[in-house]
Amino acid sequence: MPSLKDLRNRIASVKATQKITKAMQMVAAAKLRRAQEAAEAARPYAERMEAVLANLAVAFEGRDDAPKLMSGTGNDQVHLLVVATAERGLCGGFNSNIAKLARDRARSLIAAGKTVKIICVGKKGYDALKRELGHLVLKTIDLRSVKNVAFANADEIGREVLTMYENGEFDVCTLYYSTFKSVIAQEPTSQQLIPAQFDTGKAEADDSAVAVYEYEPDEGEILADLLPRNISVQIFRALLENAASEQGARMSAMDNATRNAGEMIDKLTITYNRQRQAQITTELIEIISGAEAL
């Protein structure tokens with residue numbers, strides 16, 4: 001049975017922790033609005049980029065002269081997984097859910113006899129994968145010094161992925177991140193970047209009823225410029241989605257932690273009061289017994 005002093009110290013410690021979690025919740029709430037606005041603003045551009053590329057891809061469907069970023073290498077033996085997570089923890093299952101999705105995919109590929117390579121964007125992704133898949137991680141990209149993610153950060157990652165592809169270091173590249181739905185809902189997502197996948201059937205159905213496009217220069221030149229740029233655009237979108245998802249998950253996690261601390265304080269306070277009352281009663285009995293003995 002802990003002493004009264006131990007209980008007082010424990011209550012004080014939990015109250016201090018509660019103040020920290022409450023402060024972190026408020027900071028996350030303040031950052032969430034800005035991050036959510038940035039993520040929502042990036043979605044239309046990224047989606048429209050995909051739509052334009054889907055329309056252009058229709059002209060090259062089944063052709064031998066299709067761009068390599070769209071047609072692929074003709075093989076799927078080597079897979080590159082780009083796992084984008086946060087640089088910091090205390091955000092619930094945000095990081096672990098993304099890592100779990102990538103880990104499950106890596107396991108299935110390895111079981112199928114494929115070669116897997118991993119690039120971690122964010123420290124927590126590497127921390128979650130290093131125990132089982134650490135030997136497959138090529139590098140970890142550290143963004144801790146970046147206060148607000150910019151397109152330049154995503155473009156640097158995209159250029160590195162393109163260089164690896166041009167050097168024949170992999171056949172298929174898949175990006176893993178978390179799509180922001182709401183403060184309490186973030187969806188782990190996988191998106192294949194190389195070879196680019198587009199819903200050409202849907203694009204044909206949508207545009208045939210609206211307009212017929214003529215491209216200048218021709219489709220091949222436009223695709224040669226847009227396909228590499230699209231990789232950076234999709235990575236940038238993923239980083240913005242991650243930023244909003246991280247703050248939403250942290251806000252929710254810190255809210256739960258604050259509530260749990262409050263419940264623990266209540267239970268400790270009841271235990272403290274009961275033990276204190278028992279101690280006072282015992283002392284009174286001893287005094288009365290001593291008085292009667294006299």
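Look at Ile119 and say whether it is outside any helix (DSSP H, G or I), surrounded by 22 or more Cβ atoms within 10 Å (Cβ to Cβ) and at pLDDT 90 or above.
Values: outside any helix (DSSP H, G or I): yes; surrounded by 22 or more Cβ atoms within 10 Å (Cβ to Cβ): yes; at pLDDT 90 or above: yes.
Judged against the criteria, Ile119 is a match.
Condition first: buried (at least 16 other Cβ atoms within 10 Å of the Cβ) and among the basic types (Lys, Arg). Can you find one or more residues in the stretch 100-108 that meet it? Even if it seems obvious, please write down each step before you answer.
Here is the first cut: in the stretch 100-108, the ones buried (at least 16 other Cβ atoms within 10 Å of the Cβ) are 101-103, 105-106.
Of the ones still in play, those that are also among the basic types (Lys, Arg) are 103, 105.
Checked against the condition, which is being buried (at least 16 other Cβ atoms within 10 Å of the Cβ) and among the basic types (Lys, Arg), the stretch 100-108 yields at least one hit.
Residue-level check: of (1) at pLDDT 90 or above; (2) crowded, with 21+ Cβ neighbours inside 10 Å; (3) in contact with a helix residue (DSSP H, G or I) (Cβ under 7 Å, 6 or more places away or on another chain), Asp255 misses just (2).
In contact (Cβ under 8 Å) with a residue 24 or more places away in the chain, open to solvent by 40 Å² or more (accessible area, probe 1.4 Å) and under 20 Å from Ser190 (Cα atoms): does that describe Lys139? For Lys139, the condition - in contact (Cβ under 8 Å) with a residue 24 or more places away in the chain, open to solvent by 40 Å² or more (accessible area, probe 1.4 Å) and under 20 Å from Ser190 (Cα atoms) - is not met.
Residue check: is Ala35 open to solvent by less than 60 Å² (accessible area, probe 1.4 Å), over 24 Å from Ala196 (Cα atoms) and not in a loop (DSSP other than H, G, I, E, B)?
Values: open to solvent by less than 60 Å² (accessible area, probe 1.4 Å): yes; over 24 Å from Ala196 (Cα atoms): yes; not in a loop (DSSP other than H, G, I, E, B): yes.
Against the criterion (open to solvent by less than 60 Å² (accessible area, probe 1.4 Å), over 24 Å from Ala196 (Cα atoms) and not in a loop (DSSP other than H, G, I, E, B)), Ala35 qualifies.
Being closer than 17 Å to Ser232 by Cα, β-branched (Val, Ile, Thr) and surrounded by 13 or more Cβ atoms within 10 Å (Cβ to Cβ) is the requirement here; does Val78 meet it? No; evaluated as a whole, the condition is false for this residue.
Given the options Lys100, Lys123, name the one that is over 18 Å from Phe180 (Cα atoms) and of a type outside the set (Gly, Ala, Ser).
On inspection, the qualifying residue turns out to be Lys123.
Among the residues of the stretch 89-116, the one identified as part of a loop (DSSP other than H, G, I, E, B) and touching a strand residue (DSSP E or B) at 6+ places or on another chain (Cβ under 7 Å) is Lys114.
The values are calculated or read from the model by the stated rules, or taken from the named source; none is laboratory data. In this text the structure is predicted, and so the values were computed from the model without any measurement. Don't worry about glycine lacking a Cβ; one is built from the backbone with ideal geometry, like all the others, and counts go over all protein chains shown. Remember, those area values only see protein heavy atoms, side chains included, never the ligands or the DNA or RNA. Shrake-Rupley method; radii C 1.70, N 1.55, O 1.52, S 1.80 Å.
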